Structures are given as structure tokens and as C-alpha cells.
Amino acid sequence: MGTLAQAKPAALAKAVGALGALPDFTWMRRPEAGGVMVPGRMGGTGAAFNLGEITVTRCALKLASGEVGHAYVQGRDKAHAGRAALCDALMQTGRADEVKRLVLAPLDAARAEARRARAARAAATKVEFFTLVRGEDA
Amino acid sequence: MYVAVKGGEQAIDAAHDWLAEERRGDVAVPELSVAQIREQMALAVNRVMAEGSLYDPDLAALAIKQARGDLIEAIFLIRAYRTTLPRFGSAQPVETGQMACDRRISATFKDAPGGQVLGPTFDYTHRLIDFALAAEGEPPVAREGEANAEAMPRVTGMLGRDGLIQQEAPSDEAPPDLTRTPLEFPATRPLRLQALTRGDEGFVLSMAYSTQRGYGRNHPFVGELRIGAVPVEMEIPELGFAVEIGEVVLTECETVNQFIGSKTEPPQFTRGYGLVFGQTERKAISMALVDRALRCEELGEDNLGAPAQDEEFVIAHSDNIQATGFLEHIKLPHYVDFQAELELVRKLRSEAMAEHREAAE
């Protein structure tokens, strides 16, 4: 669910497109946008305080075969939440391997690459200190 | 004599139409897209998210477009939108120690494990206008280095191991929320931090600056400043366990300040804390300084009566939407109020003039 929630909507839409025919489902809860309060911790490790909210869209659906899928995804994209819930439901069916291979694996790879690229750029800005030996120490 | 009248509807409609036209500007110039604002005005977007208290870059970019770049107006739009959202719940506190850092510097330890990582900073630029940006062209490609998974432990954690800095008492208590319960004074530190993180950057900066200039001095070092992404996890009621629901970029600043000690505890450093949505470094440092100044009594320091030590003064005036609402309302019609004042001043004048005449006679 983390992978699905973190995916860019366009990337998830493309990956779900690769799944081919999708099963029928009924909404248990239609996609709705709301807010989730995010706390931080004082000093990073202490007691919590409220930092601010993020937008989140949630929904739940039930496949014709009975499996239930849930989604809580950041942002306000209702179609994106629907796709995430559908994948969550499909993960409980015989198509789980297909979803892993065609949806989760490419999304995980894209996220890992995005992280690597940022980390590499950060690493290039790491300061390499060189110390000048002062006269009295020489 | 003035009387209250209705009217102005047509004038208001015409004003708003003209506003929309002015917002667009010269139609010979291509229109800005929301995505362009989100990607290329990212620090304005970050400020609107931080002070709007809602992390949603697309929405903040749209608000900036609608507000014609007036950031306080954009923050107002975000705050108003935020109130329409149902609250799904509260996430688990973010773990900034696990941050994927774009930037991480320490002004106290040159050789802090994990190193000094500058990130995409304005620091060390010459602040000369770059006329090359006025011409279209490709930006230089950022260099890539060898990213090793070296941990970046907290600088305050390193000091804490030797007992050199005050420990933050851990707690799993749900924090109070000033968007749900009206603020009362004295407030608690969690409420102060919530107010500061959504407070006006200019105001919080000025309060912090005042402490540096001597009004409630507390001598801060930037122990650590880090900027990067952290996952947001929330326990999903339908599932009964926590999952990642998203990711936010945060700026965290921990200051190391001068000492307190007691009969039971030898002297140790104290700390101030800043944590803000987005890449918002000036604000996070300011927040840490003001947080520390507001802790003066808790830490047994003299309250010198400095503005930055006055919780009610700082917190009651840090919110730019409250401030702008009260300030700007005075430009709206006050015809009847003013009529009363006018009557009063005329009466006072006629009395004063009558007394003057009597004295002269």
C-alpha cells in the first residue's frame, strides 16, 4: 500500500493500464478527499506536536469475487485512489503475482531511482575538508 | 448625515472581472501553468504550504496563481480550503532521524558523521543578478557523487550520549491542536511549536533576530540543519495497522544553546527546535530561536520582558491570516461607526469653543 500511495498518479495509471482487463467492483466508499494531521517530535525525539495537515484521498471497493481493497493516498486525485484500492484488492486474488510484476515492481524501481538520483546529487555537494598545517605544528 | 445603504453589487462584479483580467496580464505573454509554478516557484509554494498548514504542492501553486503571487492571500486561500476538508485522522509522528537528506549541515561539528552536505543552497552564491536566466536555455546538469548509505545521526544525539545536552522527554501523548481548540494562555510548548511552524515567516524571523540583537539573548549555535523527505505513516482504521500514505519534505533545525544546571544535574546545553513543511530554512532556524526564547522560564532563566520571551505576544501575533484579517477589515465600510465619531468630535469642538468664548468674555 505504501508503494501505491507514494506512486505518481501518472505512473500508477500507466502501470495499471499494463494489467489489461480489470475486474468489476462496487464502491464500499467512493473516493473522498480529506486531511490527515502530521505530527513532529520536539527535538526530533521528544513529545509530539502538530506540524500541519496533508491532503489524502481514501476509498474502499469490493471486487465481484468478494475481495476488498482499501486506499489512503496522498493528494486529491480520486482516480489515483481508485486505482490504488483496485490493486490492493487484486493483491488478494490469483492475479497478485501479475500486480507485483507489472505494477509494484516498476513503481518501486522508479521510486528507488528517484531516491538514488537525489542522494547522488546530495553526495556531490558533500564538503571534503582539507586541513592547512600551521607553522608551529610543522 | 450618513445612513447605512445597500449597494455596490455591480461595482463588485466589475471589480472581480477586472481582477481576473489583470491576473492574466498581457495576453501576448504565455499564461503560467500551475505545474510551472509548482516546479519553478518551489520555495514560494513551500512557504504557502507551511503557513497555510496544508502540504499539497499543486494546491499551493494554484493558490499562488489565483492570488497573483500575493503569498499571504494564497495562504488565506489554503487555510480556507483546509477548513472544508474532513479530518481522516492523525498520522504517526514523522521520524526526522530517518530523513533522506538533500541537505544536512552542522555549525558545531565539522566532522559530524554523515558529513556536511550542502544541497541545493543559495549559500555561497554572490547574490548577483544572473542575466543568463532572462534568456531561455538549458540549466547545467547537477553533478552526481557517490551516495553511500552512511547514516546521518543527530548532532544533538551525539551530545546527548555524553549528557552534554538536555534530553527531550519522549511521550506518546496525543498533542493538542490549535485548529480544533481555541488557544489559551499560558499555552504549552506543543501548541507554541504548532503556532510557530504555521506562523508568518517575516514575523518569526524578526522575533528570532531580536533575540540575537540582545532582547532575550540565548546564544544559539545551529547544531544541525537538515532538509529532506520523510515518509508519513498512518494507522488505517479499516486495516488495524500502519501504512505509508505519503511523503513530505521537511526542514528541521536544532539549536544548541547555553547552559543550565542544578544541584542534581551538572551544567548542560539547552535546545531550541524548528520543524517546517518544505525547504524553508530561514523559517526553521527562526522557529528554533523563538522556541528557545519562549522556554526561558521553563529553563529557569530570568524573563527580561523581551518581546521574544513573551508567549502571548509572540503566539497571538504570529499568524498572518489573523493579522491580515483584522488589519484589512478597517478598509471596509465603517460609515456608521465613523458617523458616531464625527458627531462626537463636533460636539466636543462646539463645547470647547463655547468654553473658549466664555473665558475670553
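Brief remarks follow.
- Qualifying residue in the range B:257-275 (condition: under 30 Å from A:P9 (Cα atoms) and at pLDDT 95 or above): yes
- Scope the range B:73-94; condition in a helix (DSSP H, G or I), among the charged types (D, E, K, R) and either in contact (Cβ under 8 Å) with a residue 60 or more places away in the chain or within 11 Å of chain A (Cβ to nearest Cβ) (or both); matching residues: B:R79, B:R82
- For the range B:156-166, taking the residues that are assigned to a loop (DSSP other than H, G, I, E, B) and touching a strand residue (DSSP E or B) at 6+ places or on another chain (Cβ under 8 Å), the one that is nearest to B:Y273 (Cα to Cα) is identified as B:Q166.
- Test: residue in the range B:172-187 that is over 23 Å from the mean Cα position of the chain (by Cα) and touching a residue at least 24 places away in the same chain (Cβ under 8 Å): no
- The residue list A:G135, A:G94 contains one member that is at pLDDT below 95, more than 13 Å from chain B (Cβ to nearest Cβ) and under 30 Å from A:D24 (Cβ atoms), which is A:G94.
- Comparison of B:F326, B:F338, B:F269, B:F259 shows that the only residue that is aromatic (F, W, Y), surrounded by 11 or more Cβ atoms within 10 Å (Cβ to Cβ) and assigned to a helix (DSSP H, G or I) is B:F338.
- The number of residues in the range B:188-213 that are under 19 Å from the mean Cα position of the chain (by Cα) and either hydroxyl-bearing (S, T, Y) or assigned to a loop (DSSP other than H, G, I, E, B) (or both) comes to 9.
- Count - residues of the range B:114-152 that are away from every other protein chain (no Cβ under 11 Å), assigned to a loop (DSSP other than H, G, I, E, B) and within 32 Å of the chain's Cα centre (by Cα): 10
- The range B:156-166, subset at the interface with chain A (Cβ under 10 Å from one of its Cβ atoms) and under 21 Å from B:T251 (Cα atoms), residue surrounded by the fewest Cβ atoms within 10 Å (Cβ to Cβ): B:G157
- The set of residues in the range A:87-137 that are farther than 23 Å from B:G228 by Cα and among the hydroxyl-bearing types (S, T, Y) comprises A:T93, A:T131.
- A single member of B:G216, B:G223, B:G228 is surrounded by 22 or more Cβ atoms within 10 Å (Cβ to Cβ), more than 7 Å from chain A (Cβ to nearest Cβ), part of a loop (DSSP other than H, G, I, E, B) and touching a residue at least 60 places away in the same chain (Cβ under 8 Å), and it is B:G216.
- For the range A:74-97, filtered to residues that are more than 18 Å from the chain's Cα centre (by Cα) and assigned to a loop (DSSP other than H, G, I, E, B), the residue that is surrounded by the most Cβ atoms within 10 Å (Cβ to Cβ) is A:R95.
- For B:R23, the stated conditions do not hold, so it cannot be described as closer than 28 Å to A:F49 by Cβ, assigned to a helix (DSSP H, G or I) and at pLDDT 95 or above.
Conditions (1) more than 9 Å from chain B (Cβ to nearest Cβ); (2) touching a residue at least 60 places away in the same chain (Cβ under 8 Å); (3) not in a strand (DSSP E or B), marked per residue:
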site: A:F49; (1), (2), (3): no, no, no
site: A:G52; (1), (2), (3): no, no, no
site: A:Y72; (1), (2), (3): no, yes, no
site: A:V99; (1), (2), (3): yes, yes, yes
site: A:A120; (1), (2), (3): no, no, yes
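- Members of the range B:122-155 that are surrounded by 15 or more Cβ atoms within 10 Å (Cβ to Cβ) and either within 25 Å of B:L275 (Cα to Cα) or in contact with a Ser or Thr (Cβ under 7 Å, 6 or more places away or on another chain) (or both): B:M152, B:R154, B:V155
- Breaking point among (1) over 20 Å from the mean Cα position of the chain (by Cα); (2) of a type outside the set (D, E, K, R); (3) modelled with pLDDT under 95, for A:F49: (3)
The values are calculated or read from the model by the stated rules, or taken from the named source; none is laboratory data. Computed from a predicted structure; not experimentally measured. No Cβ is skipped: glycine too gets one built from the backbone with ideal geometry, and neighbour counts run over all protein chains shown.
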